[in-house]
Structure formats: structure tokens, C-alpha cells
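The next block holds one structure in the form of C-alpha cells; read it before the comments.
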């Protein structure tokens, strides 16, 4: 295992924040995790696991050891005429795995194209986009139990999936390190093109629905709205889309006729956080090197030399603004360190 001392984490977080870790360990096996958690070498150090760094905001450095999860591998475990069970190392790039699946005709995650981050982070927050959530194709995962050093298997019901949530963000937070994820993908997929602008984009592309065309349509949409972290530091969607009571939404609709909302069940409505932030006047806001993206208000950005604590402060100002204008409390999607 490679361990470096006093390392900048700027290359390892998509906000591009220049903070230091006391130690950085590149982890590519459960044996490496054993060395970090079960031996005396790092026993006194604080520990943090880092995947793709695409869903994290560092407000300061980390004095302990950062374990960069780079456990790799993609393999077919089982297949039938209808579906295929695929095992994927937690350190694999999520989008590259989507492309791997699409290329082989395995459906179910094409709508999740171009979501940044690693495979191991995907079930932690039950990633979702364009009408699809990870839990729909999730079979199981293997995770390293920090306390015992044992590998534990979690099936779908064990994960308590909810909107951008799993048991690993709740009662089991910081108790496990995900090492491998198993997906059940379809050889006879049903296409989902009704959410967002997928259908319209396919028409513009002059393409019929297929795994490849839907994946490309999603890529085109995301690239048109979201900044590339290599150009402008960001962590994608900074806030969750809030779910409010239907009566609350109807009251807001009377006051703001153009408000967007999607019915969730019979009594709740999901409201796009980006719409709320834009209509509170934050879209394109800039303060020094931090701000709100000028094409997608849901994205907070670092234009170069911004500091994490200032981005965090800005997020609090936005939250207060939205609560004051709409009576809705926004929740952050990113993890704040």
C-alpha cells in the first residue's frame, strides 16, 4: 500500500480545494484496509475514506489518514436470457461502468450516465437521475466492517434506500467501507425517456430510443447544464430536491404560478431545488472566486482559488433565503468535512 505524508487533496476533490491530508493511502484491497484499521501503524490517526471526491466539500484540511478507495474490477457473476449479475469494485469510475454496460447491451443504468464519482459511492446515497434510481438495479454489496475487519454482505432490503439516502448515511455511517457492488442489469431493458428533456433530445439527435442513444442524450443534457469540474470546481448538485406536502405546494403555486413540481405518491410533491434557488435570485451570483453557476443554480462553484468554508457559508445564505421566500428548508447533498 502506498502511503504519502502531508499531501494536498486538490487533485482528489472536484471542487479543486487545496487542503492537506496528514497521510494519503491508496487502497486497492481489503488487506490495505486491514493495515489502516486493524494494525497499530495508524491506530491513533483519524481516518476518512475518499472515493471520487465528487460529493464532498472540504472546509479545512484533514489531520489524519485519508484512504483513497481504488479497489478495481468488473466481472460477470451470473447471467440468464433476461439479465446479468455484474460485480464491480468500489473504486471503479461510475460513468465508465455505465459505458461498459451500455456497450454490452446491459440496461438499467443508461439514465445515470455522466454522474461523477465511484461505484462505491453510488449505493451510499442511492444516486439517481432522469427518473431512475440506483436501487432499481442494485442486487447487493460487500463492505468491510471497520470494527471487526470482517466482510459483510448487504442486500437491497438491508440498505434502507430512500431519496439520496442509505443506511450508510444513517445508522451505519462511518462503520463500513464499501468494497464491491453487485448490479442486476437487463438484457431486455425497458426504456425510460419521459423524465426531463430526454425525449426531446432524442428527437434533436434524430435517434430512436436505445441504450446508446439514451445514454448519449443524458450526456448531452448534463454537459449543456453542468460545468466540467476540470474547468470550474464543483460537486454537481449541491442540494437535494425538497419533498413537501401537496397543500404547501398548492399554496406556493397560487403565489408563484411558474413553480415546478412532481407528484410523489398522493400527498407530497418534489420541487426542483434549482428552480427555487434561481427564482430567489442566486443564479450566476459570484463573490470573489466562489458562486452559483450561471446555467444551473443547483451547482455551487469554485472559480479557482475559492475556500471551502466560504462555499459552505454561501450555502447557508442560500438556505436561509429559500426558507424565507418559500418556507422550504433545503438539505445539502454534498458531505461537508
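The values are calculated or read from the model by the stated rules, or taken from the named source; none is laboratory data. Since this is a predicted model, take the numbers as computed values, not measurements. Glycine also receives a Cβ, built like all others from the backbone with ideal geometry; neighbour counts cover every protein chain displayed.
Figures for the structure shown
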quantity	calculated
Only one of 320, 313 that is closer than 23 Å to residue 59 by Cβ, more than 23 Å from the chain's Cα centre (by Cα) and without any contact (Cβ under 8 Å) to a residue 12 or more places away in the chain	320
Test for residue 296: is it in a loop (DSSP other than H, G, I, E, B), within 24 Å of residue 125 (Cα to Cα), touching a residue at least 60 places away in the same chain (Cβ under 8 Å) and not assigned by TED's automatic domain parsing to the domain that holds residue 105	yes
Any hit, region 158-180, residues being crowded, with 16+ Cβ neighbours inside 10 Å, at pLDDT 95 or above, part of a helix (DSSP H, G or I) and in the same structural domain as residue 95 (by TED's automatic domain parsing)	yes
Residue within region 116-127 that is part of a strand (DSSP E or B), within 12 Å of the chain's Cα centre (by Cα) and surrounded by 16 or more Cβ atoms within 10 Å (Cβ to Cβ) present	yes
Test result for residue 154, in a strand (DSSP E or B), touching a residue at least 60 places away in the same chain (Cβ under 8 Å) and within 18 Å of residue 85 (Cβ to Cβ)	no
Test result for residue 21, part of a strand (DSSP E or B) and closer than 20 Å to residue 71 by Cα	no
Unique residue being surrounded by fewer than 17 Cβ atoms within 10 Å (Cβ to Cβ), closer than 22 Å to residue 303 by Cα and not assigned by TED's automatic domain parsing to the domain that holds residue 114 when the list is 63, 59, 39	59
Failed item, numbered, when residue 202 is tested on (1) assigned by TED's automatic domain parsing to the domain that holds residue 327; (2) part of a helix (DSSP H, G or I); (3) crowded, with 18+ Cβ neighbours inside 10 Å	(1)
Flag for residue 14 being in contact with a strand residue (DSSP E or B) (Cβ under 8 Å, 6 or more places away or on another chain), surrounded by fewer than 20 Cβ atoms within 10 Å (Cβ to Cβ) and either assigned to a loop (DSSP other than H, G, I, E, B) or at negative phi (or both)	no
Candidate set from region 38-64 (those that are modelled with pLDDT under 90 and outside any loop (DSSP other than H, G, I, E, B)); member that is nearest to residue 6 (Cα to Cα)	42
Scan of region 89-107 for residues that are farther than 23 Å from residue 168 by Cα, in contact (Cβ under 8 Å) with a residue 24 or more places away in the chain and in a loop (DSSP other than H, G, I, E, B), ordered by number	105, 106
